[in-house]
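Visitor: Here it is, the structure, as structure tokens.
Values quoted throughout were computed directly from the atomic coordinates according to the rules given, and no laboratory measurement underlies them. Computed from a prediction, not measured in an experiment: that's the story for all the values here. Counting neighbours? That spans all protein chains shown, and the Cβs are built from the backbone with ideal geometry, glycine included.
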Amino acid sequence: MHIIGTLMVAAIPLVGIFGLLWLSDRVRARREVGRHLQITVTDAVHRALGAVAAPVVTRRPGGGWRIQMRVTPGRSDLAAALVRVTEDVMERATGEMRRPFEIVLLPTEGSGAAGHGPRAALGQRRKTAAPLAAAAR
């Protein structure tokens, strides 16, 4: 009985190490999936519309994906095209998993600035811009 107890105590660090290795592998794999989706969406947008936006793909807190892009306010034609291309890519990329995704369009940086250049922005407080549009699928 004493030997079994000793073996159990000796096995605890090994189980802990293997558990942490497994966990780090899972985290790395999830990051790789997000990185792959971001590259896929960016390539599709650039192929269809040119370099008009730089999508950022992140995980949503409840599961699924969030795709954020910056668009110049007043360019509803561009926003509609970005949403269309992104929806097509995400529906194909998620495949049979049918993970929910959310497309968030934000105004471009400095689109509301009164002046031009870095000097004009120094005196202004930085505000968080509300999304122009969000579409959840």
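Visitor: When the dipole is taken about the Cα centre of segment 1-53, and only Lys, Arg (+1) and Asp, Glu (-1) are charged at their Cβ, what size is it in debye, to the nearest 20? Mind dumping the intermediate values first?
Guide: Numbers: 6 positive and 3 negative charges, 25 e Å.
That gives segment 1-53 a dipole magnitude of about 120 debye.
Visitor: In whole Hz, with x marking every Gly and Pro, tabulate ³J(HN,Hα) for segment 47-55 from phi via Karplus 6.51 cos²θ - 1.76 cosθ + 1.60, θ = phi - 60°.
Guide: Result, ordered by residue: 5, 7, 10, x, 7, 9, 8, 10, x Hz.
Visitor: Pull up all non-local amide H partners of F101: gap of 5 or more, or a different chain, and H-to-H distance under 5 Å with H placed in the peptide plane.
Guide: Excluding prolines and chain starts, which carry no amide H, the hits are W65, R137.
Visitor: So who's got an amide H within less than 5 Å of the one on L106, skipping anything under 5 residues away but keeping other chains? H placed 1.01 Å off N, in plane.
Guide: Excluding prolines and chain starts, which carry no amide H, the hits are M69, R70, V71, L132.
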